[in-house]
Amino acid sequence: MRATTFGVLLCLAFAQTPAEAAGKQVRLAYVEWSDAVVATTILKQVLEEKGYEVKAIPLAAAAMWQAVATGDADASVAAWLPMTQAAYYEKLKNRLELIGPNVTGAKIGWVVPASSPLNSIEDLKTKSAEVDGKVIGIDPGAGVMKASEAAIKTYGLPVKLVDGSDATMTSALKDAVRQKKDIVVTGWTPHWMFARYELKYLADPKKVFGDDETVNTLARKGLKEDMPEVYGILKKFKLNIKDEEAMMAENEEKGAKPAETAAKWIKANRATVDGWLK
């Protein structure tokens with residue numbers, strides 16, 4: 001897609017209505033990863049309880065950060081740090097506000113079935129044939145893919161990183177588990193696949209994938225002054241990994257609707273939600 005076309009589409013995505021201009025609309029940017037869908041949908045419904053018109057807009061990771069930095073989006077709850085999206089943060093940190101973690105204990109790395117004889121990334125030096133010499137990845141611009149490319153070089157592995165998407169990666173994993181075959185996929189926590197399958201991360205002794213990550217909330221500059229109530233909710237908004245993974249798995253069921261999953265969680269966790277709204 002040409003840059004000019006992308007710019008036009010981005011402008012249309014963030015075009016304001018009169019209600020928005022009146023300050024009662026909140027624009028949330030997110031990446032269409034299953035964890036970000038869960039978190040953004042819950043936050044959207046919570047803000048709607050307070051009378052806001054909420055527009056949730058899916059974007060690529062780079063565009064998500066850029067939208068918050070330029071003020072085209074008010075906030076995002078899908079920023080992975082300190083490693084996965086570090087490049088975006090370093091480039092834009094002076095143009096937005098990093099509110100802080102909304103999920104802790106997150107992680108990225110390479111994932112295999114729990115029954116796999118592979119236990120460490122280093123094992124692939126001699127056992128790559130057991131997974132057809134492939135690591136099944138997601139979209140090429142993702143942080144876990146950049147880290148995966150670095151891992152292949154750092155460990156000197158005879159494997160190929162296969163581009164794809166979250167959907168193609170999890171489909172390959174599902175097929176491998178069903179056929180009791182070994183496979184290596186790019187993974188991260190929280191992700192619904194950990195609620196669905198018995199899996200494990202390969203050890204990363206050289207720390208190419210870093211330590212634990214956090215999923216963070218970003219806000220545009222000036223949101224605290226323009227929308228103090230929204231800013232206050234964003235500061236208190238937090239989820240735990242177990243809840244997220246359970247909701248993500250539910251959203252993968254046939255006929256599931258993320259909005260209904262979110263509404264059910266809000267009803268079951270009313271005290272937590274009320275704490276965000278105080």
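Read the figures in this text as sums done on the coordinates, not as results from a lab. Source: prediction; values computed, not measured. Backbone-built Cβ (ideal geometry, glycine too); neighbour counts: all protein chains shown.
For residue 216, nonlocal amide neighbours, meaning residues 5 or more places apart or on other chains whose placed amide H falls under 5 Å from its own, are 79, 80, 81, 102. By the helix-only formula, in which each DSSP H run with n ≥ 4 contributes -39500 (n - 2.57) and the sum is divided by residues, the chain has a 222 nm mean residue ellipticity of -12500 deg cm²/dmol.
As I understand it, the value is the acute angle between the Cα axis of helix 3-13 and the longest principal axis of the Cα atoms of the chain; what does it come to in degrees, rounded to 10? The two axes meet at around 50 degrees. When each of 76, 148 is scored by the number of other beta-carbon atoms lying within 10 Å, the sequence from fewest to most is 148, 76.
Using a cut-off of 30 Å between Cα atoms, the listed pairs 146/278; 200/267; 107/134; 146/242; 24/254; 93/160 include 146/278; 200/267; 24/254; 93/160 as exceeding that distance. For segment 106-201, dividing the convex hull volume of the Cα atoms by the residue count gives 86 Å³ per residue. The angle between the Cα long axis of helix 241-251 and the longest principal axis of the Cα atoms of the chain comes to about 90 degrees, rounded to the nearest 10.
Annotation: the residues 204, 274, sorted from fewest to most other C-beta atoms within 10 Å of their own C-beta, follow the order 274, 204. The HN-Hα couplings worked out from phi for segment 145-162 by the Karplus form 6.51 cos²θ - 1.76 cosθ + 1.60 (θ = phi - 60°) are 6, 5, 5, 5, 4, 5, 5, 4, 6, 4, 8, x, 8, x, 10, 10, 8, 9 Hz, whole numbers, x standing for Gly and Pro.
Among 241-248, 91-98, 165-172, sorting by the average number of other beta carbon atoms lying within 10 angstrom of each residue, highest first, gives 241-248, 165-172, 91-98. For residue 50, a cut-off of 18 angstrom between C-alpha atoms picks up these aspartates and glutamates, skipping any fewer than 8 places away in its own chain: 20, 74, 225, 226, 229, 274. For 131, 184, the sequence from fewest to most other C-beta atoms within 10 Å is 131, 184. Sequence-ordered 3J(HN,Hα) estimates for segment 100-107 from the Karplus curve with 6.51, -1.76 and 1.60 and θ = phi - 60° stand at x, x, 10, 9, 10, x, 6, 7 Hz, glycine and proline given as x.
GNM on the chain, alpha-carbon springs under 10 angstrom: the most fluctuating residue among 85, 66, 179 is 179. In order along segment 260-266, the Karplus-derived 3J(HN,Hα) couplings, from 6.51 cos²θ - 1.76 cosθ + 1.60 at θ = phi - 60°, round to 6, 4, 5, 4, 5, 5, 4 Hz, and Gly and Pro are given as x. Between residue 53 and 25, 26, the built amide H atoms are under 5 Å apart, and every one of these is 5 or more places off in sequence or on another chain.
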